[in-house]
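Below you'll find the structure, written out as structure tokens, and then a few comments.
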Amino acid sequence: MSRVKSDTKARAQAIARELFLKQGVQRTSLQEIADRLGITKPALYYHFSSREDLVRSVVLPLFDDGEEFVAEAERTGPAPRALLEGYFDLHHRHREVVALIVHELTSLNELGLVDRVFVWRERLGALLVGPEPSLADAAKATVALGGLADCVLIFPNAPRDELRAAGVAAACAALGVSP
């Protein structure tokens, strides 16, 4: 792939992510993205075969990184704190896409992407509280993982290291493990 094609594709993804967050997926036209890029709509179709293809290309890096993170955690069995730190880092690195998923849950669910997040949470929960936890322990894992992910969204302007420390400490407290 030529550098120009790759550059245009990356710019299109960045513009799409920005507009999707601001206006929503369904209210953002491909023509609007093409106009912002300074190309024609057919030229945009050269890079993405459909709106769904463009949306997937915007969110798939999170899903690919998430799957890699979960698989690595299952291989290595990290201590709860290390797992929670990695989970925070994953969400912080992809915070714009996480925000897009929250805002566009219905649209992205129709593309079959959202269920993957719940599967990760189940797999990570099993690492934190065991494969067949009591309801109380499953709730602790849900609060820890969900709350940690939410911190990235709720406190977008907080200093990263400070937010990470506070979020991981809170998640450890929810699990009843020493931070």
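The values are calculated or read from the model by the stated rules, or taken from the named source; none is laboratory data. Since the model is a prediction, treat every value here as computed from it, not as a measurement. We place every Cβ from the backbone using ideal geometry, glycine too, and count neighbours over all the protein chains shown. These accessible areas exclude ligands, DNA and RNA; they are computed on the full protein's heavy atoms, side chains included. Shrake-Rupley method; radii C 1.70, N 1.55, O 1.52, S 1.80 Å.
Among the candidates 62, 21, 54, 44, single out the residue that is within 30 Å of residue 172 (Cα to Cα) and in contact with a helix residue (DSSP H, G or I) (Cβ under 7 Å, 6 or more places away or on another chain). Give the derivation first.
Values: 21 fails: within 30 Å of residue 172 (Cα to Cα); 54 fails: within 30 Å of residue 172 (Cα to Cα); 44 fails: within 30 Å of residue 172 (Cα to Cα).
Of the residues listed, the single one that is within 30 Å of residue 172 (Cα to Cα) and in contact with a helix residue (DSSP H, G or I) (Cβ under 7 Å, 6 or more places away or on another chain) is 62.
Test each condition in (1) open to solvent by 70 Å² or more (accessible area, probe 1.4 Å); (2) of a type in the set (D, E, K, R); (3) within 28 Å of residue 23 (Cα to Cα) for residue 89 and report the one that comes out false.
(1)
Taking residue 136, is it over 26 Å from residue 27 (Cβ atoms), at pLDDT 95 or above and surrounded by 13 or more Cβ atoms within 10 Å (Cβ to Cβ)?
Values: over 26 Å from residue 27 (Cβ atoms): yes; at pLDDT 95 or above: yes; surrounded by 13 or more Cβ atoms within 10 Å (Cβ to Cβ): no.
For residue 136, the condition - over 26 Å from residue 27 (Cβ atoms), at pLDDT 95 or above and surrounded by 13 or more Cβ atoms within 10 Å (Cβ to Cβ) - is not met.
Out of (1) modelled with pLDDT of 90 or more; (2) among the hydroxyl-bearing types (Ser, Thr, Tyr); (3) assigned by the TED database to the domain that holds residue 149, the odd one out for residue 106 is which?
Single failed check for residue 106: (1).
Only helices (runs of 4 or more DSSP H) wholly contained in the stretch 70-179 count here; list those with 3 or more residues that are over 29 Å from residue 14 (Cα atoms). Can you show your working first?
Working: elements: 80-93, 95-103, 105-110, 114-129, 135-154, 160-175.
Counting at least 3 such residues, we get 80-93, 114-129, 135-154, 160-175.
Looking for whichever is farther than 22 Å from residue 147 by Cα, modelled with pLDDT under 90 and either surrounded by fewer than 18 Cβ atoms within 10 Å (Cβ to Cβ) or of a type in the set (Lys, Arg) (or both) here; the options are 19, 30, 60. Which one fits? Even if it seems obvious, please write down each step before you answer.
Numbers: 19 fails: modelled with pLDDT under 90; 30 fails: modelled with pLDDT under 90.
The conditions single out 60.
Looking only at the stretch 2-16, which residues are in contact with a helix residue (DSSP H, G or I) (Cβ under 8 Å, 6 or more places away or on another chain), over 21 Å from residue 93 (Cβ atoms) and free of Cβ contacts under 8 Å to residues at least 40 places away in the same chain?
The initial filter retains those residues of the stretch 2-16 that are in contact with a helix residue (DSSP H, G or I) (Cβ under 8 Å, 6 or more places away or on another chain), namely 5, 8-9, 11-13, 15-16.
Adding the requirement that they be over 21 Å from residue 93 (Cβ atoms) leaves 5, 8.
Correct list: 8 only.
Give just the number: which of (1) assigned to a helix (DSSP H, G or I); (2) crowded, with 18+ Cβ neighbours inside 10 Å does residue 25 not satisfy?
(1)
Counting only residues that are among the polar types (S, T, N, Q) and touching a residue at least 60 places away in the same chain (Cβ under 8 Å), how many does the stretch 17-55 have? Walk me through it before giving the result.
Initially, the stretch 17-55 is screened for residues among the polar types (S, T, N, Q), giving 23, 26, 28-29, 31, 40, 49-50.
Subset that is touching a residue at least 60 places away in the same chain (Cβ under 8 Å): 26.
Residues meeting the conditions: 1.
Can you tell me which of 162, 74, 122 is in contact with a Leu (Cβ under 8 Å, 6 or more places away or on another chain), more than 30 Å from residue 27 (Cβ to Cβ), among the acidic types (Asp, Glu) and open to solvent by 40 Å² or more (accessible area, probe 1.4 Å)?
On the way: 162 fails: in contact with a Leu (Cβ under 8 Å, 6 or more places away or on another chain); 122 fails: in contact with a Leu (Cβ under 8 Å, 6 or more places away or on another chain).
Result: 74 is the single residue among 162, 74, 122 that is in contact with a Leu (Cβ under 8 Å, 6 or more places away or on another chain), more than 30 Å from residue 27 (Cβ to Cβ), among the acidic types (Asp, Glu) and open to solvent by 40 Å² or more (accessible area, probe 1.4 Å).
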